[in-house]
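Just passing along the structure, written as structure tokens.
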């Protein structure tokens, strides 16, 4: 039986590490780390408690200066992105036009018997969202704020939660149950970022993920048509260019290197309260005019091979890991 209604309100505090573990980065001592952070080892933590904490984090974020500033950034980028799509944008355009609004319905009081995944405003049914690497939100306040951001983003853009797919190889069974209750779809397989948009406009929400995950995503959508339908909210690609040696970027993450001339990005605002969860984060989109101006040989496509790549920073699926050693 759920204890959400009976659970006493408890203040949550930011976790000590500056960045939470997730699919973004391979844990160095995974068994010990997993045991230490296993929410199911604590009998006081159940799905009702975690749901309440997620909703508290959502409300704290909603009334913050960071959220209103981030909305302005997203609003600017998505409007520019939508201008290049041939398909009518309809209700989504109206939703984006209202992103600056401060008010937002609260789903913390979902009535018994209702469907938790139903959106609070009608969705267009045409857009999708994919989230990789949000981390262990049951135990980490930083990951919880990132999940709260995702939920608010879906609501503001009128993207039904049923059109959002989420994955992190470190999710516990408790976290999977909570996400299912929230109405998003938890992927059952580690895709390593290799997901095609299949002709549908898609937002990829992937904060603090390993560079290989972005590289795999670009490879899976390596055409002007597919890239022009993508928006990526994640690590600054310009930041990656600055931090990595050019030869390393071109050898190990060729698709990130090649797409730099064909993208636009705008950085998230920075505030002290949410600096740990959203630092080095940008909104990226790919103007079709820039993509079509690329030389023809830009679009040659070969699956990435990371066998000689040090510090890969992603967790491979078992099949991929066994195949590449």
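Out of curiosity, is residue 188 in a loop (DSSP other than H, G, I, E, B), over 24 Å from residue 50 (Cα atoms) and out of contact with any helix residue (DSSP H, G or I) (no Cβ under 7 Å at 6 or more places or on another chain)?
On the way: in a loop (DSSP other than H, G, I, E, B): yes; over 24 Å from residue 50 (Cα atoms): no; out of contact with any helix residue (DSSP H, G or I) (no Cβ under 7 Å at 6 or more places or on another chain): yes.
When the stated conditions are applied, residue 188 does not pass them.
Evaluate the following for residue 288: is it over 22 Å from the mean Cα position of the chain (by Cα) and farther than 30 Å from residue 59 by Cβ?
yes
Checking the structure you have, find out if any residue of region 311-324 is closer than 24 Å to residue 83 by Cα and within 19 Å of the chain's Cα centre (by Cα).
In the first step, residues of region 311-324 are kept if they are closer than 24 Å to residue 83 by Cα; the result is none.
No, that holds for no residue.
Now, a different point. How about region 280-290: which of its residues are more than 17 Å from residue 204 (Cα to Cα) and either at pLDDT 95 or above or out of contact with any helix residue (DSSP H, G or I) (no Cβ under 7 Å at 6 or more places or on another chain) (or both)? Show your work before the answer.
First, pick out the residues of region 280-290 that are more than 17 Å from residue 204 (Cα to Cα): 288-290.
Across region 280-290, the qualifying residue is only 289.
Here is a yes/no grid of residues against (1) out of contact with any strand residue (DSSP E or B) (no Cβ under 9 Å at 6 or more places or on another chain); (2) over 20 Å from residue 135 (Cβ atoms); (3) without any contact (Cβ under 8 Å) to a residue 12 or more places away in the chain:
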| position | (1), (2), (3) |
| --- | --- |
| 211 | no, no, no |
| 250 | yes, yes, yes |
| 288 | yes, yes, no |
| 314 | no, no, no |
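Among the residues in region 263-283, are any farther than 30 Å from residue 141 by Cβ and without any contact (Cβ under 8 Å) to a residue 60 or more places away in the chain? Even if it seems obvious, please write down each step before you answer.
So in region 263-283, the residues farther than 30 Å from residue 141 by Cβ come out as 263-264.
Okay, now just the ones that are also without any contact (Cβ under 8 Å) to a residue 60 or more places away in the chain, so 263.
So far as region 263-283 goes, yes, one or more of its residues are farther than 30 Å from residue 141 by Cβ and without any contact (Cβ under 8 Å) to a residue 60 or more places away in the chain.
Residue 310 is checked against (1) closer than 28 Å to residue 188 by Cβ; (2) outside any helix (DSSP H, G or I) and fails just one. What number does that condition carry?
Every condition holds for residue 310 apart from (1).
For region 171-183, enumerate the residues that are outside any helix (DSSP H, G or I) and either at positive phi or surrounded by fewer than 22 Cβ atoms within 10 Å (Cβ to Cβ) (or both). Even if it seems obvious, please write down each step before you answer.
Initial filter on region 171-183 (outside any helix (DSSP H, G or I)): 171-172, 183.
Matches in region 171-183: 172, 183.
Go through (1) modelled with pLDDT of 95 or more; (2) touching a helix residue (DSSP H, G or I) at 6+ places or on another chain (Cβ under 9 Å); (3) within 13 Å of residue 129 (Cβ to Cβ) one by one and return the number of the condition residue 167 breaks.
(2)
Within region 138-150, is even one residue assigned to a strand (DSSP E or B) and at negative phi? Spell out the reasoning first.
From region 138-150, those assigned to a strand (DSSP E or B) are none; that's our starting set.
No, that holds for no residue.
Could you list, in sequence order, all residues of region 54-111 that are at pLDDT below 95, out of contact with any helix residue (DSSP H, G or I) (no Cβ under 8 Å at 6 or more places or on another chain), surrounded by 13 or more Cβ atoms within 10 Å (Cβ to Cβ) and more than 19 Å from residue 265 (Cα to Cα)?
Passing the criteria: 91, 110.
Among helices (runs of 4 or more DSSP H) lying entirely in region 204-268, which contain 2 or more residues that are under 15 Å from the mean Cα position of the chain (by Cα) and at pLDDT 95 or above?
211-220
The values are calculated or read from the model by the stated rules, or taken from the named source; none is laboratory data. In this text the structure is predicted, and so the values were computed from the model without any measurement. Quick reminder, even Gly has a Cβ in these numbers, built from the backbone with ideal geometry, and neighbours come from all protein chains shown.
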